[in-house]
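Worksheet for the structure shown next.
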Amino acid sequence: MHIKKLGVVGCGLMGSGIAEISARAGYEVVVTEVTEDFLKKGISRIEASSQKAVDRGKSTVEDRAATLARITGSTRMEDLKDCQMVIEAVIEKMDEKKKVFSVLEGSCSREAVLASNTSSLSITEIASATKTPDRVLGLHFFSPVPVMKLLEVVRTTMVNDDVVQAGVDYGKTVGKETVVCKDAPGFIVNQLYLPYTLVAIRQWERGLATKEDIDKAMSLGLNYPMGPFTLMDFVGLDIHYNACMAIYDETKDPAYLPPLVLKKMVQAGQLGRKTGKGFYDYASK
């Protein structure tokens, strides 16, 4: 498959990052949002991120200008009709993703690759909501998208091999290392990562050590760039909680059942860095 034009549905934290790296790699990109306000915020995020790359010497002023020129914003899903690949990056709710894919199926050509950036929801269930599940796969990016090197390519039992290969090839063109895995709750990374963080919360709750010392132990003992509490705050506790619950609801494996304290923090709006408080307080930083 030769992909020249790429669509991204959703211009939030993940969608804006996907649009940015795709445009930087030379793709013509159409990114959509539900309102003009959300779209403007997303485009502003791309502009700020691409400027950071220039400030850090990882891009030039000319390359940044060319990248931004390749990006078109829209509030109309119909504007994705000419895209050879469309990546969905909307909220982590199955009903919302199914709605997106039902629209994409009618808007895009039969040959277009349709991908979901979900971190924990079933690609098979998403694909089964369409009449063409053979062209649906998962492309799971990691945050922040312009920085993190991994792309999980998720295949169902229904998807065509050339669609999977198109996902792998796309990942290489945008500078990612790809891994291919079967469609299973949490895929590779989150199957391993989420239980680890929940164990850390339980260690802290029962008084084994402070949050700070647990973070220090994992950073220095295993050479992790962040300890579990720092990382959960960075990702967002709401995203973290929802990912755990999505896997638990599907598997009923208690390893993925979040401790009550995590649920209470989400209910209180203490979501980590983005709200100024999570396991740590960022209000003064």
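What to note about this one:
- Straight-line reach from LYS97: taking Cα to Cα under 20 Å and skipping same-chain neighbours fewer than 8 places apart, the lysines in range are LYS81, LYS131, LYS182.
- Nearby aspartates and glutamates by direct alpha-carbon distance to LYS172 (threshold 18 angstrom, same-chain neighbours under 8 apart not counted): GLU20, GLU28, GLU152, ASP161, ASP162
- Calculated on alpha-carbon atoms, Rg and Dmax of the stretch 1-136 in Å: 14.8, 46
- Of TYR27, TYR193, TYR256, the one that fluctuates the most in a GNM where the chain has Cα springs shorter than 10 Å: TYR193
- Positive-pole candidate from GLY236, VAL163, TRP204, dipole of the stretch 153-265, charges at beta carbon: TRP204
- Legend: residue pairs LYS211/LYS277; LYS216/LYS252; LYS211/LYS274; LYS41/LYS263, Cα-Cα distance threshold 21 Å; pairs beyond threshold, LYS216/LYS252; LYS41/LYS263.
- The chain: most fluctuating residue of GLY106, GLY171, GLY42 per GNM, C-alpha cutoff 10 Å: GLY106
- Where labels lie 7 Å past Cα in the beta-carbon direction, separation of GLU111 and VAL180 in nm: 2.1 nm
- Structure-based [θ]222 nm, the chain - -39500 (n - 2.57) summed over DSSP H runs of at least 4, per residue, nearest 500: -14500 deg cm²/dmol
- Inter-label distance, SER74 to MET94: 3.0 nm, where each label sits 7 Å from its Cα along the C-beta direction.
- The Cβ shell under 12 Å around LYS40 holds other residues with a net charge of -2, Lys and Arg each +1, Asp and Glu each -1.
- For the stretch 88-183, trypsin sites (Lys or Arg not before Pro) are listed when DSSP marks them as loop and at most 12 other Cβ atoms sit within 10 Å of their Cβ; the list is ARG110, LYS131, LYS149.
- Relative contact order of the stretch 189-275, defined on C-alpha pairs under 8 angstrom at six or more residues apart (%): 30 percent
- The stretch 189-275 - Kirkwood radius from inverse mean 1/r over Cα pairs (Å): 13.1 Å
- Expected-Rg normalisation [2.2 N^0.38 Å, Cα atoms] applied to the chain: 1.02
- Comparing ALA184, ALA48, ALA243 in a Gaussian network model of the chain (Cα springs below 10 Å), the most mobile by mean-square fluctuation is ALA48.
- Label point distance in nm, ALA48-SER143, each placed 7 Å from Cα along Cα→Cβ: 1.4 nm
Where a number appears in this text, it was derived from the coordinates with a stated rule and is not lab data. Predicted, not measured: the structure shown is a model, and the values here were computed from it. Positions of Cβ are backbone-derived with ideal geometry, glycine not excepted, and every protein chain shown enters the neighbour counts.
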